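The values are calculated or read from the model by the stated rules, or taken from the named source; none is laboratory data. Everything numeric in this text was worked out from a predicted model, so none of it was measured. Reconstructed Cβ throughout: ideal geometry from the backbone, glycine too, with neighbour counts over all protein chains shown.
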Amino acid sequence: MPPPVIVLATRNAGKVREFAALLAELPVKVASLDQVDPRRQIPEPAEEGGTFAENARHKAAYYARATGSWALADDSGLKVDALEGAPGVYSARFAAQECPPGASREVIDQANNARLLRLLKDVSDPRRTARFVCHLVLHDGRRLLIETTGVFEGRIGYTPAGGGGFGYDPLFFLPQLGCTSAQLPPRRKNRLSHRGQAARQLALRLRELLEGGPGPVVR
């Protein structure tokens with residue numbers, strides 16, 4: 001029997017790279033959404049959930065049914081304590097209104113970071129605590145198969161640093177390591193990050209499922 005195809009329910013190149021690396025040792029075939037839908041005929045689903053879990057469940061079910069394959073969706077974001085948990089579920093589009101129509105992901109990321117720094121301009125270092133949260137859902141189009149969560153603690157820096165990662169990584173400072181998430185080598189970041197934590201949990205449960213475990217494995 002050929003290995004199952006898992007469609008990564010994202011067009012974010014950074015996320016595709018990270019997930020492909022995290023799932024590389026599993027007996028599955030990983031495909032990006034751009035590979036299965038190169039002409040972008042599948043419209044993006046509305047993200048109207050109030051939590052990362054709600055959005056991830058909706059996206060996974062939507063793309064599994066649209067592609068006819070298993071779909072792995074994540075909803076991740078940054079929660080800043082001094083901003084009462086913002087940007088939260090709006091992390092990817094925190095400053096979208098400040099960008100021109102059709103702006104690239106890179107332009108939007110830069111605008112998001114600039115807005116975050118403006119809002120924290122007068123916030124002292126001890127109050128700049130924050131965390132990345134990742135909620136992962138694997139769906140087969142009929143039922144939710146696996147659901148996991150990872151959390152990555154840090155602080156918001158004052159200036160971007162590092163050329164790796166994407167999104168808020170250049171501002172996400174790790175006091176215990178003395179660097180930002182964007183300054184970590186990819187393999188080390190994958191070991192520590194919210195997405196890495198959630199993906200490792202998912203990989204363990206997915207292996208059980210593929211080896212004939214007791215049906216869907218839910219967090």
Completion exercise
The strands (runs of 3 or more DSSP E) lying wholly within segment 111-191 that contain at least 1 residues that are in contact with a Lys or Arg (Cβ under 7 Å, 6 or more places away or on another chain) and under 24 Å from ALA71 (Cβ atoms) are 129-139, 144-156
Fill in the blank from the handout: Of the conditions (1) under 22 Å from THR10 (Cβ atoms); (2) at pLDDT 95 or above, the single one that ARG187 does not satisfy is (2)
Practice task
Tell me, yes or no, whether segment 203-219 has at least one residue that is touching a strand residue (DSSP E or B) at 6+ places or on another chain (Cβ under 8 Å), among the basic types (Lys, Arg) and either over 14 Å from LEU136 (Cβ atoms) or at pLDDT below 90 (or both).
Solution key: yes
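Results for (1) farther than 24 Å from GLY165 by Cβ; (2) within 16 Å of the chain's Cα centre (by Cα), shown as yes or no for each residue.
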site	(1), (2)
THR10	no, yes
ARG17	no, yes
ALA21	no, yes
GLU25	no, no
LEU33	no, yes
PRO43	yes, no
ALA46	yes, no
PHE52	no, yes
LEU78	no, yes
Exercise for the section: Considering each residue of segment 75-108, count those that are among the aliphatic types (A, V, I, L, M), free of Cβ contacts under 8 Å to residues at least 60 places away in the same chain and in a strand (DSSP E or B), and give that number. Expected result: 0
Exercise for the section: Tell me, yes or no, whether segment 80-91 has at least one residue that is of a type outside the set (Gly, Ala, Ser) and on the phi > 0 side of the Ramachandran plot. Expected result: yes
Practice task
Return only the number of the condition from (1) touching a residue at least 24 places away in the same chain (Cβ under 8 Å); (2) in contact with a helix residue (DSSP H, G or I) (Cβ under 9 Å, 6 or more places away or on another chain) that ARG207 does not satisfy.
Solution key: (2)
Exercise for the section: Go over the candidates LEU144, LEU120, LEU116, LEU136 one by one and state the one that is within 11 Å of TYR168 (Cα to Cα), in contact with a helix residue (DSSP H, G or I) (Cβ under 9 Å, 6 or more places away or on another chain), buried (at least 18 other Cβ atoms within 10 Å of the Cβ) and in contact (Cβ under 8 Å) with a residue 24 or more places away in the chain. Expected result: LEU116
